[in-house]
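Reviewing the structure listed below.
Nothing in this text is a laboratory measurement; each read-out follows from the coordinates by a stated rule. Source: prediction; values computed, not measured. Because the Cβ atoms are built from the backbone with ideal geometry, glycine has one as well, and the counts that use them run over all protein chains shown.
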């Protein structure tokens, strides 16, 4: 075995360079620092990297390890920003104070205000007379950033009877003028191409670019798969017990979307069975990126057509991501049974090994569910059952995420970004499972007061 | 943890995972399913951090964790701070495909704090509270608040990708908010003991800072803020035993014994496998589960008793005993709470041998739906593991009974008692 005794070479971790420069700046940065004096994780991610290092302008600072010249450059940039950072810290303290005064509790203050504080520091320097007013105004502005893009606004918009009947007619028209259903062969062909792409995902190495990803988009493989769902095509997975739609609809084929007038997170139907209201409700519920949304009237107008499009999505790259996700979901094996699933790819190996790691952590944390069905198992048995049909939870989450991108006009440009979404959804499904087990056990070991449901995204 | 240097081995596995292996420790360590195994599940402390899972064998001397790094880019934010710069460079090289290397790590303050956080999460799930063994319960909300403080202390280990369930300082504070006022009272009443007061203040300041960072607000947190700023009424005397007194208490088996008549054929102890039910239900003593087989005419009946954890809920938990007679198929007996016991009985199916000789009976308790199954056949070390865990917590409680005195800040030191341990030793004189 080679021995590595070199003094770490000349290159040093970028985060270490930032840490050392940060600690050299002296006092006044506590609001942006952790208990040990290191910058907070979010300080690095939201301020130091994007606003001071700016690797977009200085690609030499984009690496995880920096050579001495780059390290010196970064150190210098941070030192030059000392006054700006101290002012940023003071503004942050002021904003948190204003937030408490105004009784605002939603959202993480670092996420909401860090970059705004840096802007304030750039514009005004340290807070002076009148800064309190600026801080209050900013907290209010951020709190009301949705600008009417709220569930209540949606409810009001859809309460109008004339509007509802017009939307209903539009939905009927759009549904009637869909392209014809496709056959199972089209879906099978799309899935075969998806398997090839998934074999290039999840493997270590430089970010992958694949010409066949754009090939799938150009060939309309996502649209074809969506149209195959309209035909109740069967047998595409080559095994029993796995519906073609993987739980995207609770019926044989997706129904024509209705307008709808209410929704609740606990009782949302399968994605393609959702009403217009329910589809937009999930978009408006998630607080992230709300300011990027179109006004409610426009959201509704566009959702009418989208809900009748294949897979309920407009953008073909997002539909292709559904095909990739479906092919991945069909081979998920959270319980490590290794039972007959369609051919596993590199992506499956990556996600399934993550599941095994999670299962082991859950055993070490005493958060297990019985691997075999247990009629006495109650809610825990239901959670185990979800692990036996993991594709349903996976596709549900994936669809919501892709739909959110579609609404924001955010296609997936390349295979690497598509894989980041597919992998992220797999992690979310695991997190969900753990949170549910935790909550179920808390309820079981509490006499009264059932535990609050975990927040769901 | 004493500052020092220790060799670790860094290598890339076939699936691209990078393993940072501390040790070799004194006990055999296997890796399967991409996770380090060091014996039964209840002997591993684990922590989900950005891009990796950290594992410590709790029975070994405190030290550096094993890391299974599945996202090198994210992990690089903390590898240097936890293991030192050489290890960060070795991880970087391994990710680029270079072979395994042995490098010298530094035992950092962050490593000490992370080990303590991992051990605290372990204690929250596996602490073997037992009336019979004299191991007191740890007050969950006191431990929860200290874990919130430690999580914030270890903020460098976490990022905002949202896939690290242990990045939960805000959730822990909200969940255990009710314990905040008693904790403040304890701090104010501890002026006489400088070390103890400093320990309490450190935890309170970290909680205040974590809450402020996460944007939490409310009366309890405002009270904390003003207390730390030195406002508020003078300290009344308060001892942690009274402040964190547990509901209920330890009165053993006050009810009548379960007498159902008949002739006793056999009696014995069952197996108390902690892995088969969640914490807080059954007394962790080795002999907590017992059974009696009776003959009532031609019928054969089995009665099972399990000592209840003092905090166990009185109703609504469908705990069962699993009974094997003469190696046959498992038979379930529902258990119900009766005072400090879980009890249940059931007729055994007629057994041709039952009249001939005493039946061979094995009994375990489990929670249906939770039970991962009886241990694998190679689990012979499980009982030894339980004994070792009891020995570990007895050593820790002995330390907690002594007045605190530390060379290193307690928050970076795994061996220093948790506040919940200190409070538990103040309480346990009472029963």
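Helix A:14-23 versus the longest principal axis of chain A: what is the Cα-based angle in degrees, 0 to 90, to the nearest 10?
40 degrees
For a quick check: sort A:133, A:216 by the number of other beta carbons within 10 angstrom, fewest at the front.
In increasing order of surrounding Cβ atoms, one gets A:133, A:216.
Please compute the modelled spin-label separation between residue A:379 and residue B:161, points set 7 Å along Cα→Cβ, answer in nm with one decimal.
3.0 nm
Hey, got the average number of other protein chain Cβ atoms within 10 angstrom for residues in B:73-86? Walk me through the numbers before you get to the answer.
On the way: counts 1, 1, 1, 6, 10, 4, 3, 8, 6, 0, 0, 2, 6, 6.
Mean shielding count: 4.
How far is the Cα center of the range B:159-179 from the Cα center of the range A:141-170, in Å?
34 Å
Average partner chain C-beta neighbours within 10 Å, per residue of A:13-22? Write out the running numbers ahead of the final one.
On the way: counts 11, 3, 8, 8, 1, 1, 4, 0, 0, 0.
That average works out to 4.
Need one number: nm distance between label points at residue A:144 and residue A:413, each 7 Å from Cα along Cα→Cβ, rounded to one decimal.
3.6 nm
Hey, with R₀ at 51 Å, roughly what FRET efficiency would residue A:115 and residue B:347 work out to, going by the Cβ-Cβ distance, to 0.05?
FRET efficiency, residue A:115 to residue B:347: 0.15.
Using 1/(1 + (r/R0)^6) with R0 = 51 angstrom and r between the beta carbons of residue A:72 and residue B:193, what's the FRET efficiency to the nearest 0.05?
In this case the efficiency is close to 0.60.
How much mean residue ellipticity at 222 nm does chain A get from its helices, if each DSSP H run of length 4 or more adds -39500 (n - 2.57) and you divide by all residues, to the nearest 500 deg cm²/dmol?
Only helices count here, giving -17000 deg cm²/dmol.
In what order do A:445, B:349 fall by count of nearby beta-carbon atoms within 10 Å, going from fewest to most?
Working: A:445 20, B:349 11.
Ranked by crowding around the Cβ, least crowded first: B:349, A:445.
Neighbouring Cβ atoms within 10 Å as the yardstick, rank A:157, A:232 fewest first. Don't jump to the answer; show the numbers that get you there.
Working: A:157 19, A:232 14.
By the 10 Å Cβ count, ascending: A:232, A:157.
How many angstrom lie between the Cα centre of the range A:291-323 and the Cα centre of the range A:335-393?
Comparing the Cα centres of the range A:291-323 and the range A:335-393, I get a distance of 32 Å.
Residues of the range A:255-276 with the amide nitrogen closer than 18 Å to a label point 7 Å from the Cα of residue A:168, along Cα-to-Cβ, please.
Only A:255-263, A:274-276 fall inside the zone, counting backbone N under 18 Å.
Using only atoms on other chains, find how many Cβ atoms lie within 10 Å of each Cβ of peptide B:273-285 and report the average.
That average works out to 2.
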